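Accompanying notes for the structure given below.
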Amino acid sequence: MTSAELDQARSAIATEIGPDIGEFTPPNEKRLFGWDDMLVLGGAFLMAFLTAFAASAGREAGTLLGKALVDYVAGQIKAWRSKTSEEQSAALENVAAAAAKIAVAKPELAAAVSDAVEKSLASVLGTDAETDIAHRIAAKVRDEALKILAGGAAA
Amino acid sequence: MDPFQRKALAYTALQRLWVNLDPESAEIRWQQEFAFMNLPDALKTPGTWYQHEGEAGFIEYYPSGDAGEFHAELPAGIDPASIVVIPKVAGFPSIYDRMKGLLLETVAVQGEANVQRMIADMDELRGSSHAGRIRSMISGDGFTALMAGKQAIADFLGSKLQAFSTVELQRNRVTGFEAGTVLLLYSLFRQLVTASPAAPANLFPKMFDPSCVPSLPEMTSRFIHDCFAAGMGEAANQAIDDIRIGGDATLAASRALLPGDLDPGIYLDSYYAGLQQAALRYMAVRWGWQSVLVFAALSPEDRQRAEKRVNAVEEKLVRCETALMYAVKDLDGSRYRDYQHSVRDARAAGDEKKAEAILANIFDSQFFYPNALKEIMSNHAG
């Protein structure tokens, strides 16, 4: 996949976050968030999904499940926020490439793992956000991530 | 579109802004907005800090260049000498003056008596007795319904909500905040009558207790406190969240509105009307959570959750309110064209990312236009 495709995916997730951005930011950060902030969050959620997908589907001894996967996703979102913009873009490209390779190598796992990762992401997001919003955003992240994986497989 | 229709659209855009929260706060915001617009371009730089002449507090102008945030205190690290003071602009007509002027221009079409009645309604809405009158009306009629049983209360609140959020709001007889507050009462009532264990019977009369409160919102706020004190906090939380879900659905439906064969002015008017409906729901949600926070015995977790919910809904409410102000500023379509030119200029310079960011800011971050216009603006920008 190209960096333009990754940008497109981040942008689509950011659009889905839109006015719900206040659900995912600390209460003491009281401000009107702009498009750039939405893009950062969109990237964080996509990165968390792809990393968790690669980590879970790439394990020899079975997939990460349950709380372990939830903790993993939460850790990825936290790690993303400490990166610079350039580091974020580079990390996203690397993990997308790795996840796409795994999706090609283990197509039988891709659907089940992406289901589990989506649920974990919704669970992590739901610690801050209302449940309906967390599920809606997680589903969008999964849609965009699967497009990335399909694009990587086609390449 | 004939001149009368154009005036009608200008009137409704101003009217939505005027009644949304309450006329007084709308007028203050209107004057401040104009004072800011009146600054030389060189002083309107994103990232700059401002203070309105003679007012307390400071405003940080965001890098996106179309919004700011109020701070009561100047944060550490900001040089007080760098603050730009926005001077007051004398003689700028109020929203009320503009609305009244537009109405008087339509006497030939609407009739003198009708126009005078509409102006009288505006005068009552901004008068000092309005808030007390609405409180007494809901309280008095609510107590009457209470005598007739729970179904009568549901019918009463449902019919008041229907009237307040549509006709009464459009006729300047109630504010959006008051309509939102009736929605809050209605949602609370629906949760309480189905709650398990059942709500204490002596809780319901407190819903309409007007003593020692100046307005309907204050009466509702105290009732939310009473719900928590009676152990019905969960029902109150659910009642507030139901309204948030309704607000989100209203907002999503408005943003997804398609133009069809509508005249562009009427299409946008319908869109902003939808945003106003979302805004009154978000005001109800914010007021609901703010009222919850007044309850001293709230657990730390519940307090944190309520604080979070206030912030989250404010992100949406501010965007709706900003779009209602924007609707007035763009009645002639000039701002739409300016944005289209900005997208075109960015593309001409080979900066597609900038073009995309401009579009995303207008349509996804802000709600200046319905989503259907994003592609149209983008395509027509070349």
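Computed from the coordinates by the stated procedures, all read-outs in this text should not be read as laboratory data. Quantities reported herein were computed from a predicted structural model and do not represent experimental measurements. Don't worry about glycine lacking a Cβ; one is built from the backbone with ideal geometry, like all the others, and counts go over all protein chains shown.
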Inter-centroid distance (Cα atoms) of region B:219-248 relative to region B:283-336, Å: 16
Mean separation of Cα contacts under 8 Å (6+ apart) over length of region B:3-104, as relative contact order %: 30
Scattering curve values for region B:334-380, log₁₀ I(q)/I(0), Debye with Cα scatterers, q = 0.17, 0.19 Å⁻¹: -0.40, -0.51
Most mobile listed residue (B:Ala296, B:Ala249, B:Ala199) in chain B, GNM with C-alpha springs under 10 Å: B:Ala296
Kirkwood Rh, Cα atoms: Rg over Rh of region A:3-154: 0.95
√(5λ) per eigenvalue of the Cα gyration tensor, the protein assembly as shown, largest first, Å: 42, 32, 22
For region B:82-116 versus region B:1-29, the gap between their alpha-carbon centres in whole angstrom: 9
Top of B:Gly54, B:Gly246, B:Gly77 by mean-square fluctuation, Gaussian network on chain B, Cα under 10 Å: B:Gly77
Hz values of 3J(HN,Hα) by residue in region A:95-102 - Karplus curve (6.51, -1.76, 1.60), Gly and Pro given as x: 6, 5, 5, 5, 5, 5, 4, 5
Candidates A:Leu121, A:Leu92, A:Leu109: whichever shows maximal mean-square fluctuation once chain A is modelled as a Gaussian network with Cα springs under 10 Å: A:Leu109
Cα-based reach from B:Lys7 at 21 Å (exclusive), listing lysines while leaving out same-chain residues under 8 positions away: B:Lys100, B:Lys329
Helix A:107-125 axis, angle to chain A major axis (alpha carbon atoms, nearest 10°): 20
Selection of trypsin sites (Lys or Arg not before Pro), region B:57-149, meeting DSSP coil and at most 16 other Cβ within 10 Å: B:Lys88
Amide proton proximity set for B:His52, modelled H, under 5 Å, gap of 5+: B:Ile86
Relative compactness, chain B, computed as alpha-carbon Rg over 2.2 N^0.38 Å: 1.07
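Write down, largest first, the equivalent ellipsoid semi-axes of region B:103-149 in whole Å, where each equals the square root of 5 times an eigenvalue of the alpha-carbon gyration tensor.
Working from the Cα gyration tensor, I get semi-axes of 33, 14, 5 Å.
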For chain B: relative contact order, % (alpha-carbon pairs under 8 angstrom, 6 or more apart): 15
DSSP bridge pairs, chain B: antiparallel proportion in percent, nearest 5: 65
Angstrom value of the Kirkwood radius, inverse mean 1/r, which spans all Cα pairs in region B:1-93: 15.1
Residue-wise HN-Hα coupling along region B:114-125, computed from phi with Karplus coefficients 6.51, -1.76, 1.60 (Hz; x: Gly, Pro): 5, 5, 5, 5, 5, 5, 4, 5, 4, 5, 5, 5
Hz values of 3J(HN,Hα) by residue in region B:218-229 - Karplus curve (6.51, -1.76, 1.60), Gly and Pro given as x: 5, 5, 5, 4, 5, 5, 4, 4, 4, 4, 5, 5
Cα-based helix-to-principal-axis angle, A:66-81 vs chain A, degrees rounded to 10: 60
In degrees, nearest ten, helix B:233-255 long axis to first principal axis of chain B (Cα): 30
